[in-house]
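Right, one structure below, let's go through it.
The values are calculated or read from the model by the stated rules, or taken from the named source; none is laboratory data. Only a predicted model underlies this, so the values are computations on that prediction, with no experimental measurement involved. For neighbour counting, all protein chains shown are included, and Cβ atoms are generated from backbone atoms with ideal geometry for every residue, glycine included.
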Amino acid sequence: MSANSIPSRRRFLADLGFSLPGIALATLLGRERANAAIEPHFPPRARRVLHVFCPGGVSHIDTFEYKPSLEKWHGQPLPGDGNFVSFQGKNGNLMQSPWKFRQRGESGKWISDLLPNLSQHVDDMAFLHGMTSKSNTHGPACVFMNSGFVAEGFPSAGAWVSYALGSANDNLPTYIAIPDVRGIPPAGPANWNAGFLPAEHQAITLNTAEPIRNLARPPQISSDVDQATHAFLRQANAWEAERHPGDRALAARIAAYELAGRMQLSAPEAADLAQESAAVHTLYGTEDANPLLAAYARNCLLARRFLERGVRYITLYCGSRASGVDGLLNWDAHKTLKADYERHGPILDRPTAALITDMRERGLLEDTLVLWTTEFGRMPTHQEGTVGRDHNPDGFTAWLLGAGVKGGVSHGATDEFGRKAVENVTTVYDFYATVLHLLGIDHTRATYYHNGIERRLTDVHGHVIREVLAEA
């Protein structure tokens, strides 16, 4: 190449500027095609999802499912099952809840005094009391509740929704996971990964204590140089994509880098809680004297800000991994149920209730589906030698609220003591079949071909729980 044929920097940037509209158009068209990975099968009731997840196995019989028989039979052996050996060993006698249950709202739903603020929303909630799990171990059960598979390596529900519906905001992630400030949940990123789906559908992880890293431009790099570099990278990416059509890994990497560039401008603004009024901060409790409650409250407020800016799916964690002390970092109350839940209950209660209130006042619940889940329940007996409860995958509670949900209803039930689901038994597959239905997706048709199998979030199972759907 002759010296005359080498373009000057000015000429190169000028030529690049003329080419950018075409590159931008191609990028937008590419994203639009990605957004149509699965066309909605029918009009959606919800357009985005907020999934509140409490790791550790929240006790259904101490929160959302009232069992008067536990009070009547307190201290007696569990009839017909007194020698049952559960996750950590032998169980003792039946143990009543340390908290009183009261009827709440117009529906008269019985809710524990542990959650006085959340109980104000019972008329908007649809409870699933017949939930069951395939695992009694935290890691696999958390992964199962988030992906529909006990084994790691399968796409999470948020990744499936990202793949199916794509982004509603080109400058922010489609899927965000907000871990608790105490740490990540059992099995960590397996709860929000993309599995065999293109990597761009994995969640971006952040919270108010650890914002998205490396967004700010280094001070030694000028704005002009930064913009020129981005322009060159866009051109280089376009060349590489043209040379390697159909290379999903390359396309995912390019999409990730392009999103990172756009997020430099959008994400800091979305995460800036200082823009919120003092009244909003007071509502959530972001300055509460309990630092863990305040930290979770800030994460709740962060979730709302991302939702209203078009993030498609957010998983918000209240609780962390297991620790050397049961129940210290999450809801795993093996030894001291009352003390553990009096630590975790207030952290969940006020900020989550405030988030629901705030979303309703802003009109977000009209097209946002709110989910609350945990990985399994707890035993109605006390664990032998303790005043705590062992794992119980045979019956627990989840609830839904918001777009398309019939509020004030309870579907399914465990037996009179809360030991096993016996009425309208519900699986994780049914749960996500219902979630996808509310998003306009037929769960049996939302598939991805991998290793010779048409995979789906609900595997080969699942039925829509129509009893919790509001009339269209």
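Quick grid of which residues meet (1) in a loop (DSSP other than H, G, I, E, B); (2) touching a helix residue (DSSP H, G or I) at 6+ places or on another chain (Cβ under 6 Å); (3) closer than 17 Å to LEU316 by Cβ:
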{"residue": "PHE42", "(1), (2), (3)": "yes, no, no"}
{"residue": "VAL49", "(1), (2), (3)": "no, no, yes"}
{"residue": "GLY56", "(1), (2), (3)": "yes, no, yes"}
{"residue": "ILE61", "(1), (2), (3)": "no, no, no"}
{"residue": "GLU71", "(1), (2), (3)": "no, no, no"}
{"residue": "HIS74", "(1), (2), (3)": "yes, no, no"}
Discussion item. Residue under question is ARG419, and the condition is that it be within 27 Å of GLY80 (Cα to Cα), touching a residue at least 12 places away in the same chain (Cβ under 8 Å) and not in a helix (DSSP H, G or I); does it hold?
Written reply: yes
Practice prompt. Could you give me the residue pairs with C-beta distances under 7 Å whose first residue belongs to region 181-196 and is under 14 Å from HIS138 (Cα atoms), whose second residue is at pLDDT 95 or above and surrounded by fewer than 18 Cβ atoms within 10 Å (Cβ to Cβ) wherever it lies, and which are 6+ apart or on separate chains?
Written response: ALA187/GLU152; ALA190/GLU152
Discussion item. The conditions are (1) surrounded by 24 or more Cβ atoms within 10 Å (Cβ to Cβ); (2) at negative phi; (3) under 24 Å from the mean Cα position of the chain (by Cα), and GLY402 fails exactly one of them. Which is it?
Written reply: (2)
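Can THR458 be described as modelled with pLDDT of 95 or more and either among the hydrophobic types (A, V, I, L, M, F, W, C) or not in a helix (DSSP H, G or I) (or both)?
On the way: modelled with pLDDT of 95 or more: yes; either among the hydrophobic types (A, V, I, L, M, F, W, C) or not in a helix (DSSP H, G or I) (or both): yes.
Taking the combined requirement at face value, the residue satisfies it.
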Item to complete: Test TRP160 against the stated conditions and say whether it is among the aromatic types (Phe, Trp, Tyr) and over 22 Å from LEU348 (Cα atoms).
Response: yes
Discussion item. Condition check: under 22 Å from the mean Cα position of the chain (by Cα), surrounded by 21 or more Cβ atoms within 10 Å (Cβ to Cβ) and not acidic (Asp, Glu). Does HIS443 satisfy that?
Written reply: yes
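Does TYR432 qualify as being among the aromatic types (Phe, Trp, Tyr) and part of a strand (DSSP E or B)?
Numbers: among the aromatic types (Phe, Trp, Tyr): yes; part of a strand (DSSP E or B): no.
Answer is no for this residue.
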Item to complete: Filter region 364-402 for residues that are closer than 13 Å to ILE61 by Cβ and among the acidic types (Asp, Glu) and give the result.
Response: ASP390, ASP394
Fill in: Whichever residue in region 281-295 is in contact with a helix residue (DSSP H, G or I) (Cβ under 6 Å, 6 or more places away or on another chain) and not in a loop (DSSP other than H, G, I, E, B) and, among such residues, is surrounded by the most Cβ atoms within 10 Å (Cβ to Cβ)
TYR284
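Please enumerate the residues belonging to region 236-289 that are of a type in the set (S, T, N, Q) and either at pLDDT 80 or above or within 21 Å of MET359 (Cβ to Cβ) (or both). First the steps, then the outcome.
Applying the first criterion (of a type in the set (S, T, N, Q)) to region 236-289 yields 237, 264, 266, 275, 277, 282, 286.
Residues satisfying the conditions are SER266, GLN275, SER277, THR282, THR286.
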Worksheet item: Taking the condition touching a helix residue (DSSP H, G or I) at 6+ places or on another chain (Cβ under 8 Å) and closer than 23 Å to ARG45 by Cα, does LEU400 pass?
Response: yes
Practice prompt. Restricting attention to region 296-341, report how many residues are under 17 Å from ASP272 (Cβ atoms) and in a loop (DSSP other than H, G, I, E, B).
Written response: 4
Worksheet item: For region 203-221, which residues satisfy the criterion of being within 30 Å of ARG305 (Cβ to Cβ) and modelled with pLDDT of 75 or more?
Response: ALA203, ILE204, THR205, LEU206, ASN207, THR208, ALA209, GLU210, PRO218, PRO219, ILE221
Fill in: GLY130, sole failed condition from (1) surrounded by fewer than 23 Cβ atoms within 10 Å (Cβ to Cβ); (2) at pLDDT 95 or above; (3) over 21 Å from ASN330 (Cα atoms)
(1)
Worksheet item: With respect to ALA339, is the statement that it is under 24 Å from ARG47 (Cα atoms), surrounded by fewer than 23 Cβ atoms within 10 Å (Cβ to Cβ), at pLDDT 95 or above and among the hydrophobic types (A, V, I, L, M, F, W, C) true?
Response: no
